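In what follows, a structure is listed as structure tokens, so that the remarks can point back to it.
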Amino acid sequence: MHISEIETPAVVVDLDVMERNLCRLADYTRRHNLRLRPHTKTHKIPALAERQLELGAAGLTVAKVGEAEVMLKARPPGILVEYPVIGREKIERLAEVARHTRVTVAVDSVEAAEALSAAGTEFGILAEVDVGAARVGVQPGAPLRDLLRRITRLPNLYFEGLSFFQGHILSAQADGVLALERLSVLIEQILADIKQEGLQAQVVSGGNTPTAFLSHQIRGLNEIRSGTYIFNDRNTVFSGGCAWEDCAASLLVTVVSRAVNGQVIIDGGSKAFSSDAYWGPGGGFGHLLEAPQAVFRKMNEEHGFVDIRETGRSFPVGARLRVIPNHICPAVNLHDRVYTVRQDQVEQVWEVAARGKLQ
Ligand SMILES: Cc1ncc(COP(=O)(O)O)c(C=O)c1O
């Protein structure tokens, strides 16, 4: 099947670019003695998780129990649930997952830890600490020490270390390097907190995609959970974390109307792209590879509004365009399948098996 036969809108993955992205981070982590436990929320496809494991990943990361259930298909040596697991039924399902592989959960509350402990299954736990993203995670210092004191006494839980999310550091440029230095100082303090409680963190888990290749500069860190790096996206390019040629996934769309002067309507709106914002100036919802000057300025559910005045070109109804979305992870989540291509030939069609796993 040729790429021109794919029905649009569709997610298309260039296999050569994806493989290069996978190998690049696998090599980097190996060289710097870092464990890679990739976040599978980006691709949600067990075959790709398997490839990450083949390339040396130490395990997989998920956010949802439903994702953990699906990712068992990749036969990982362990799954990290890097999200608070709250709710009796979810914990029962996670205990079932733990019959097949080692399960570790990041916790930031005594309540979450007690509920896991009560399930009667052994779970690994990471103490989740807030290093500046102000999302989940206890504060370093007394709150962390208090959490550690209380959760490490609980039966069935095995303390593995700590985790954090550096979602406030989204630049691979000078400002990012500076922020990572501040993060290193904070992690050193946190490791001192852990030591003060007589504990040792075997795992210190953090990282993301924008700063992935700077991870070795974060003192104390020994594991990264990058997810987006497999495909990359418009925001990763803006962060300095990759170049356009490293974007493996794009949305293939068709021009369905040119009724308004200076504008085309493409057949992908918020139902195909998600509404995630651009981190850079000017906003917009994606980068058109065939027309970089075009401004993808607005979306309805099924309509993408593209201002083409600056392109100096016209696009007929039926023209097909490739768009790099702002954020690839929620975009993939909106599609049943992903088409993989090599030199414009479709090689495989993958089911996005963990899409929509909200619970
Ligand atoms: C907790 C957590 N860890 C790791 C990641 C991976 O970050 P990235 O997609 O930038 O690689 C995310 C992304 O949202 C996350 O929420």
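Just so you know, all these numbers are worked out from the coordinates, no wet-lab data involved. This structure is a prediction, so every number in the text was calculated from the model and none was measured. Neighbour counts are summed over all protein chains in view; Cβ atoms, including those assigned to glycine, are modelled from backbone coordinates with ideal geometry.
Extension gain residue 182-residue 20, at 0.36 nm per residue separation less the Cα-Cα distance, in nm?
55.2 nm
Straight-line reach from residue 44: which lysines have a Cα under 22 Å away, not including same-chain ones fewer than 8 places off?
Leaving aside lysines fewer than 8 places away in the same chain, those within reach of residue 44 are 64, 73, 90, 271, 357.
Can you compute the FRET efficiency between residue 154 and residue 358 using 1/(1 + (r/R0)^6), with r the Cβ-Cβ distance and R0 = 22 Å? Round to the nearest 0.05.
E(calc), rounded to 0.05, equals 0.20.
Let me check against my output: what whole-number percent is the relative contact order of the chain, with C-alpha pairs under 8 Å and at least 6 apart?
Computed value for the chain: 20 percent relative contact order.
In terms of modelled amide H atoms, which long-range or inter-chain residues lie less than 5 Å from the amide H of residue 131?
165
What shape does the stretch 1-97 take by its C-alpha gyration tensor, where a ≥ b ≥ c are the square roots of the eigenvalues and a/c under 1.5 counts as rounded, a/b above b/c as prolate, and the rest as oblate?
oblate
Determine the relative contact order of the stretch 177-317: mean sequence separation of Cα pairs under 8 Å and six or more apart, normalised by residue count, in whole percent.
Details: 209 pairs, mean separation 23.7, N = 141.
Value for the stretch 177-317: 17 percent.
Considering the dipole of the chain built from charges on the beta carbon (Lys and Arg +1, Asp and Glu -1) around the Cα centre, which of 284, 187, 59 is farthest to its positive end?
The one lying farthest along the dipole's positive direction is 187.
Taking the alpha carbon gyration tensor of the chain, what are the square roots of 5 times its eigenvalues, largest first, to the nearest whole Å?
So the equivalent ellipsoid measures 39, 22, 18 Å along its semi-axes.
If you take the beta carbon distance between residue 122 and residue 336 as r and set R0 to 35 Å, what does 1/(1 + (r/R0)^6) give as a FRET efficiency, to the nearest 0.05?
FRET efficiency, residue 122 to residue 336: 0.45.
Compute the FRET efficiency between residue 347 and residue 260 as 1/(1 + (r/R0)^6), taking r as their Cβ-Cβ distance and R0 = 25 Å, and round to the nearest 0.05.
Numbers: r = 38 Å, r/R0 = 1.50.
So the FRET efficiency works out to roughly 0.10.
Filter the GluC sites (Glu not before Pro) in the stretch 265-359 to those in DSSP coil with at most 11 other Cβ atoms within 10 Å of their Cβ, and list the result.
Answer by residue number: 301.
At what distance in nm do the modelled label points of residue 197 and residue 75 sit from each other, each positioned 7 Å from its Cα along Cα→Cβ?
Modelled inter-label distance: 3.6 nm.
To the nearest 20 Debye, how big is the dipole of the stretch 126-174 about its Cα centre, given +1 on the beta carbon of each Lys and Arg and -1 on that of each Asp and Glu?
With Lys and Arg at +1 and Asp and Glu at -1, about 180 debye.
Give me a comma-separated list of calculated 3J(HN,Hα) values for the stretch 182-189, in order, Karplus coefficients 6.51, -1.76, 1.60 applied at θ = phi - 60°, integers in Hz, x for any Gly or Pro.
Working through the residues one at a time gives 5, 5, 4, 4, 5, 5, 4, 5 Hz.
Before rounding to the nearest 500, sum -39500 (n - 2.57) across all DSSP H runs of length at least 4 in the chain and divide by the residue total; then give [θ] at 222 nm in deg cm²/dmol.
It lands at -8500 deg cm²/dmol.
How high is the relative contact order of the stretch 160-257? Use alpha-carbon pairs under 8 Å, at least six apart in sequence, and give a whole percent. Walk me through the numbers before you get to the answer.
On the way: 127 pairs, mean separation 29.2, N = 98.
Relative contact order for the stretch 160-257 comes out at 30 percent.
What is the helix-to-structure angle for 142-151, meaning the angle in degrees between its Cα long axis and the longest Cα principal axis of the chain, kept from 0 to 90 and rounded to the nearest 10?
That helix lies at roughly 70 degrees to the long axis.
Tilt of helix 88-97 relative to the longest C-alpha principal axis of the chain, in degrees (0 to 90, nearest 10)?
90
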